[in-house]
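The structure appears right after this line, and notes come after that.
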Protein chains: 2
Amino acid sequence: MIKVNRQILLAKRPESVPDESTFKMVEAQIPVPDENQVLVRTHYLSVDPYMRGRMKNIKSYAKPFQIGEPLTGDSIGEVILSKNPDFSVGEMVIGTFDWADYSLRDGSELRKINLDEAPITTHLHVTGMTGLTAYFGLLDIGKPRPGETVVVSGAAGAVGMVVGQIAKIKGCRVVGIAGSDEKLKYLKEELGFDDVLNYKKVHDIYQELERICPKGIDVYYDNVGGEITDATISLLNFYGRVPLCGQISMLNSENIENGPRLFTHIIRRSILLKGFIYSDYKDRFEEGRKALAQWIKEGKIKYKENIVEGLENAPDAFLGLFRGDNLGKQLVKIGE
Amino acid sequence: MIKVNRQILLAKRPESVPDESTFKMVEAQIPVPDENQVLVRTHYLSVDPYMRGRMKNIKSYAKPFQIGEPLTGDSIGEVILSKNPDFSVGEMVIGTFDWADYSLRDGSELRKINLDEAPITTHLHVTGMTGLTAYFGLLDIGKPRPGETVVVSGAAGAVGMVVGQIAKIKGCRVVGIAGSDEKLKYLKEELGFDDVLNYKKVHDIYQELERICPKGIDVYYDNVGGEITDATISLLNFYGRVPLCGQISMLNSENIENGPRLFTHIIRRSILLKGFIYSDYKDRFEEGRKALAQWIKEGKIKYKENIVEGLENAPDAFLGLFRGDNLGKQLVKIGE
């Protein structure tokens, strides 16, 4: 057990792509729990693209990070001190902790992890936020039916990989879009995607998508936005469904970019688009976690983790998301 | 009974705004019914903005008009000759007839009008296509709840006026957007809209909408697209709903215009957008017609008709839609 609490703060709001100057590591005292509070030692931090959005000073589902305060994110940790009768020392918990060695949280902000349900780190992806994001977006909004064509962008990301595998479980033809041949090879050979498209290597995304989706597209699970999304929406069939999950192509932009107005096509084809965040489904998390854990057990959902060691490497792991470094879920291991 | 069948043909596909050269009137022989067919004398033609879309050679829910063939549209007529046992001479029927004095149709393309249900011409608007478009788009997609703010664009059009009145019936605060003070006065004073906005007279639609919708916007019923829609979507509350009904601002454009990319906001607020056409709800038409007819009887839905006399004036009535001439439903009276 270390004696200080290292914390990573937001040093300044990035103007476009974040870099090292976005972050600052400081050493603070280890806090002491008050009534109902719990001190947690961080074991794993999850590193997620949506955090870029919270670096902007914009009202959204999650409130903006404040300059000079610790970043926070989905994390797993161990209870070290507890003044909450519901939590005992040594228990493993999940919550939104500081990017730090230790976090002080109210008991109501924690959930105990069922270690039998699924491998512990999967609570930060397949059976956690990204998996639930895939599960509810695809099944509740996308409503895929057997034989339909499902296209997923950001397919090699933590959400995209689960989306594609659930769509396969549901009997769909699945096409994944990503930006590296290595990632796409993994999707096709290991995860069973039917076809893949490297958007960086094609001259015309629309034409290439049209070629590999000869029956059109029924569900487009959107993680990226921008030109990939323009092309995909333009190829949607009648009654197509679009779970709008993320717009990573917009995350580093402060201004609203322009793109083609697609509503005429959306009307002509009676298309549904729905923005969402996984917490819209908080009443159904239990259902989602159980289904996802079961699919992991049955080998129907595979996953890949990219684990970096050391809190001090968390900023670079985050920056790697935007360099397109990672295949699979980016985690940072901190505690023992 | 006249001796020739005057027909209005599509003379050429308009490049932008249609004009007189888009149409051509010819005289043809009055056709004779074959087995199962019915000859109908047109009494009323409905003139609708969506017909502009059919003048383009683009695959959509309705197939494009062909050059040199009669335009068609929602119409009411009287059975003149019948070789279909289900239809008798003298009965009033509704269907998609030619812009002509007479049309020959298969019995399966006709529906008898219940003259007791509602005033006959309302079958071409409040209890017909435009009313059903308002009814299902607002209630099935918009799902307005009492106390919510509903904004409707194209509010003085045949669809928009019904949308606003149904939203009032459902206990909402209703704001209508249109382009003439005369129209807006009617919406506010006669139809009970809570507030109105003349988009042609405001400097900044967003700011003005923000001012008159202090609680934000919960449902945006979109008939117009373009900048009005950009502003309205940007003001939608969490879980806002957008029935996408029409994009009249795009109708005269052959190219896809650019506009701001709004998906980031749509995701942040968990917003739903759904394109639709009234025929998506054909299994529920009876329900919609009954509700609308009842509201007319109860005086809860009022309407205004703009009736032009003579088939020869139908083209100009259509062009008037794009000049913004009409307050309420544009009809052409042809038969006796």
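The residues of region B:1-30 that are surrounded by 15 or more Cβ atoms within 10 Å (Cβ to Cβ) and over 30 Å from B:I256 (Cα atoms), listed by number, are B:N5, B:R6, B:Q7, B:M25, B:A28, B:I30. Pairs are defined by a Cβ separation below 7 Å, a sequence spacing of at least 6 or placement on different chains, a first member in region B:32-46 that is touching a residue at least 12 places away in the same chain (Cβ under 8 Å) and among the basic types (K, R), and a second member that is outside any loop (DSSP other than H, G, I, E, B) and surrounded by 23 or more Cβ atoms within 10 Å (Cβ to Cβ); the pairs so defined are B:R41/B:G77; B:R41/B:Y102.
Of the residues making up region B:170-207, just one is β-branched (V, I, T) and assigned to a helix (DSSP H, G or I), namely B:I205. On the basis of being surrounded by fewer than 20 Cβ atoms within 10 Å (Cβ to Cβ) and at pLDDT below 95, does A:N313 make the cut? It is false that A:N313 is surrounded by fewer than 20 Cβ atoms within 10 Å (Cβ to Cβ) and at pLDDT below 95.
When each of A:V163, A:V175, A:V159, A:V151 is tested for being out of contact with any strand residue (DSSP E or B) (no Cβ under 7 Å at 6 or more places or on another chain) and either at pLDDT 95 or above or buried (at least 24 other Cβ atoms within 10 Å of the Cβ) (or both), the lone residue that passes is A:V159.
Picking from residues in region B:252-292 that are closer than 21 Å to B:T96 by Cβ and of a type in the set (G, A, S), the one that is surrounded by the most Cβ atoms within 10 Å (Cβ to Cβ) is B:G288. As a summary of the residue check, B:Y281 satisfies the conditions (1) of a type in the set (S, T, Y); (2) closer than 30 Å to B:P214 by Cβ; (3) in contact (Cβ under 8 Å) with a residue 60 or more places away in the chain except for the one numbered (2). Considering (1) exposed (fewer than 13 other Cβ atoms within 10 Å of the Cβ); (2) over 24 Å from the mean Cα position of the chain (by Cα); (3) not aliphatic (A, V, I, L, M), the lone condition that B:K83 does not fulfil carries the number (1). Within region A:180-190, does at least one residue satisfy the condition of being more than 13 Å from every other protein chain (Cβ to nearest Cβ), within 28 Å of A:M51 (Cα to Cα) and of a type in the set (A, V, I, L, M)? So far as region A:180-190 goes, yes, one or more of its residues are more than 13 Å from every other protein chain (Cβ to nearest Cβ), within 28 Å of A:M51 (Cα to Cα) and of a type in the set (A, V, I, L, M). For region A:206-223, a residue qualifies if it is under 11 Å from A:L235 (Cβ atoms) and acidic (D, E), and the qualifying residues are A:E208, A:E210, A:D218.
Let's see how each residue does on (1) within 20 Å of B:R54 (Cβ to Cβ); (2) at the interface with another protein chain (Cβ under 10 Å from one of its Cβ atoms); (3) in contact with a Ser or Thr (Cβ under 6 Å, 6 or more places away or on another chain):
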{"residue": "B:V196", "(1), (2), (3)": "no, no, no"}
{"residue": "B:K200", "(1), (2), (3)": "no, no, no"}
{"residue": "B:H203", "(1), (2), (3)": "no, no, no"}
{"residue": "B:I212", "(1), (2), (3)": "no, no, no"}
{"residue": "B:Y220", "(1), (2), (3)": "no, no, yes"}
{"residue": "B:I228", "(1), (2), (3)": "no, no, yes"}
{"residue": "B:L235", "(1), (2), (3)": "no, no, no"}
{"residue": "B:R241", "(1), (2), (3)": "no, yes, no"}
{"residue": "B:G246", "(1), (2), (3)": "yes, yes, no"}
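This table checks each residue for (1) in contact with a Gly (Cβ under 6 Å, 6 or more places away or on another chain); (2) of a type in the set (D, E, K, R).
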{"position": "A:D116", "(1), (2)": "no, yes"}
{"position": "A:T133", "(1), (2)": "no, no"}
{"position": "A:G142", "(1), (2)": "no, no"}
{"position": "A:V152", "(1), (2)": "yes, no"}
{"position": "A:A156", "(1), (2)": "no, no"}
{"position": "A:V163", "(1), (2)": "no, no"}
{"position": "A:Y206", "(1), (2)": "no, no"}
{"position": "A:R211", "(1), (2)": "no, yes"}
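Restricting attention to region B:1-8, does a residue exist that is under 30 Å from B:C245 (Cα atoms), without any contact (Cβ under 8 Å) to a residue 40 or more places away in the chain and part of a strand (DSSP E or B)? No - not one qualifying residue is present in region B:1-8.
Select from region A:307-327 the residues that are of a type in the set (S, T, N, Q) and closer than 22 Å to A:R6 by Cβ and list them in ascending order. Selection gives A:N313 alone. Within region A:323-336, the set of residues being buried (at least 16 other Cβ atoms within 10 Å of the Cβ) and either modelled with pLDDT under 90 or more than 18 Å from A:S103 (Cα to Cα) (or both) comprises A:N326, A:L327, A:G328, A:K329, A:Q330, A:G335. For region A:258-309, residues that are within 14 Å of chain B (Cβ to nearest Cβ), within 14 Å of A:Y135 (Cα to Cα) and part of a loop (DSSP other than H, G, I, E, B) total 2. Restricting attention to region A:105-150, and to residues there that are over 25 Å from A:M51 (Cα atoms) and among the β-branched types (V, I, T), which single residue is nearest to the chain's Cα centre (by Cα)? Here the answer is A:V150.
The criterion of at least 2 residues that are among the aliphatic types (A, V, I, L, M) is met, among strands (runs of 3 or more DSSP E) falling completely within region A:28-145, by A:37-46, A:72-82, A:92-98.
Of all residues in region B:184-207, those being touching a residue at least 60 places away in the same chain (Cβ under 8 Å) and among the charged types (D, E, K, R) number 1. The set of residues in region B:23-50 that are in contact with a helix residue (DSSP H, G or I) (Cβ under 7 Å, 6 or more places away or on another chain) and within 20 Å of B:V308 (Cα to Cα) comprises B:F23, B:M25, B:Y44, B:L45, B:S46, B:V47, B:P49. For region A:212-229, the set of residues classified as among the acidic types (D, E) and either closer than 14 Å to B:K274 by Cα or at pLDDT 95 or above (or both) consists of A:D218, A:D222, listed by residue number. Scanning region B:208-249 for residues that are free of Cβ contacts under 8 Å to residues at least 24 places away in the same chain, assigned to a helix (DSSP H, G or I) and not acidic (D, E) turns up just one, B:R211. Can you confirm whether region B:125-140 contains a residue that is of a type outside the set (A, V, I, L, M) and surrounded by fewer than 17 Cβ atoms within 10 Å (Cβ to Cβ)? For region B:125-140, residues of a type outside the set (A, V, I, L, M) and surrounded by fewer than 17 Cβ atoms within 10 Å (Cβ to Cβ): present.
The values are calculated or read from the model by the stated rules, or taken from the named source; none is laboratory data. Predicted, not measured: the structure shown is a model, and the values here were computed from it. All Cβ positions, even for glycine, are placed from backbone atoms using ideal geometry, and neighbour counts span all protein chains on display.
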